[in-house]
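Since the structure comes first, as structure tokens, the remarks are kept for the end.
The values are calculated or read from the model by the stated rules, or taken from the named source; none is laboratory data. Since we're looking at a predicted model, the values are computed, not measured. Counting neighbours? That spans all protein chains shown, and the Cβs are built from the backbone with ideal geometry, glycine included.
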Amino acid sequence: MDWLNYHHLLYFWVVAREGTISKACKQLQLAQPTVSSQLQKLEKSLGVKLFDRVGRNLVLTETGQLVFRYAEEIFTLGREMTDAVKGRPTGRPLRLTVGIPDVLPKLIVHRLLQPALHLEEPVQLVCREGKLDQLLPELATHDLDIVLADSPTGPLTHIRAFNHALGECAVSFYGTDDLARKYRRRFPASLEGAPTLLPTGNTWLRRALDQWFDERDIRPQVISEFEDSALLKVFGQTGLGLFPAPAAIEKEVCRQYKVRVVGRIEEVREQYYAISVERRLRHPAVVAISEAAREKLFAKG
């Protein structure tokens with residue numbers, strides 16, 4: 001691999017900006033022979049000529065212009081890195097990369113992430129979806145800043161991660177107008193034998209609902225099971241059966257899927273977490289997400 005001497009590149013960059021070696025020397029606080037020598041070494045290492053002399057000034061060759069554009073980007077990034085480390089504004093959007101398990105309701109995800117997009121400093125949001133056990137290792141390699149989840153990581157997780165509680169809410173059942181009229185009366189006893197769409201058995205919500213049904217000796221008629229919460233709602237929109245979703249987004253679910261709330265189960269609580277490798281959240285966008293979730297989205301529990 002050909003290694004680049006960044007000191008030589010820095011001297012070249014300053015000379016190209018100033019137009020003469022003497023002006024660059026004042027900027028760099030170096031003697032003229034030193035800077036001239038370093039420029040020659042850079043040209044030799046690259047095997048190209050970077051400057052033409054026009055009178056007392058140095059003019060970039062075509063290749064010199066190419067090298068200057070790269071140098072400009074390199075040293076601009078260097079300044080931004082220093083600013084970012086020291087907590088100063090960098091002038092470019094903050095990047096927030098979020099892992100989203102496919103079982104999470106997309107409307108909840110949207111509400112959770114929305115505050116990050118309303119900071120004074122612009123935020124570039126990147127969302128990656130997958131299974132929770134596939135997303136968590138990406139925290140350790142810093143490919144993800146946080147992972148949203150509906151349950152905390154357990155002791156069997158092989159990465160060092162911290163669970164930051166965002167809040168919790170009850171679970172509501174929804175249905176089309178006809179289903180809501182039929183099953184709203186006597187809810188939740190009316191769920192006995194009711195056509196129902198449920199999450200698959202590998203989800204926390206399904207396990208919690210099954211336990212709640214068993215404790216009350218309620219046996220709904222399970223028409224279909226879905227791992228993807230958005231797909232579950234789409235089928236529920238057609239009137240195939242009643243379906244559960246977080247109570248915190250009742251208005252959004254009813255508006256988007258043209259359904260009504262049949263009833264709410266307070267005993268089944270959906271919990272949400274931001275999982276990170278940091279004991280204390282520091283990313284400004286993640287802090288905004290956490291504060292808004294606790295103070296607004298889940299403020300009423």
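Within the bounds of region 18-30, is there any residue that is in contact with a Lys or Arg (Cβ under 7 Å, 6 or more places away or on another chain), of a type in the set (S, T, N, Q) and assigned by TED's automatic domain parsing to the domain that holds Gly78?
For region 18-30, residues in contact with a Lys or Arg (Cβ under 7 Å, 6 or more places away or on another chain), of a type in the set (S, T, N, Q) and assigned by TED's automatic domain parsing to the domain that holds Gly78: present.
Please specify each residue of region 193-217 satisfying the condition of being free of Cβ contacts under 8 Å to residues at least 40 places away in the same chain, surrounded by 15 or more Cβ atoms within 10 Å (Cβ to Cβ) and either assigned to a loop (DSSP other than H, G, I, E, B) or in contact with a Ser or Thr (Cβ under 9 Å, 6 or more places away or on another chain) (or both).
Passing the criteria: only Arg206.
Can you name the number of the only condition in (1) at pLDDT 90 or above; (2) farther than 30 Å from Ile289 by Cβ; (3) part of a helix (DSSP H, G or I) that Arg17 fails?
The number of the failed condition is (1).
Checking the condition touching a strand residue (DSSP E or B) at 6+ places or on another chain (Cβ under 6 Å) and assigned by TED's automatic domain parsing to the domain that holds Pro105, which residue from Pro137, Pro152 passes?
Sole residue among the options that is touching a strand residue (DSSP E or B) at 6+ places or on another chain (Cβ under 6 Å) and assigned by TED's automatic domain parsing to the domain that holds Pro105: Pro152.
Considering each of Leu107, Leu117 in turn, give the residue that is on the phi < 0 side of the Ramachandran plot, in contact with a Leu (Cβ under 8 Å, 6 or more places away or on another chain) and outside any loop (DSSP other than H, G, I, E, B).
Of the residues listed, the single one that is on the phi < 0 side of the Ramachandran plot, in contact with a Leu (Cβ under 8 Å, 6 or more places away or on another chain) and outside any loop (DSSP other than H, G, I, E, B) is Leu117.
Residue by residue, here is whether (1) among the aromatic types (Phe, Trp, Tyr); (2) touching a Phe, Trp or Tyr at 6+ places or on another chain (Cβ under 7 Å); (3) modelled with pLDDT of 95 or more holds:
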residue: Leu179; (1), (2), (3): no, no, yes
residue: Tyr183; (1), (2), (3): yes, no, yes
residue: Phe187; (1), (2), (3): yes, no, yes
residue: Trp212; (1), (2), (3): yes, no, yes
residue: Asp228; (1), (2), (3): no, no, no
residue: Leu240; (1), (2), (3): no, no, yes
residue: Phe243; (1), (2), (3): yes, yes, yes
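Tell me the residue from Glu168, Glu225 that is touching an Asp or Glu at 6+ places or on another chain (Cβ under 7 Å) and surrounded by fewer than 17 Cβ atoms within 10 Å (Cβ to Cβ), please.
Glu168
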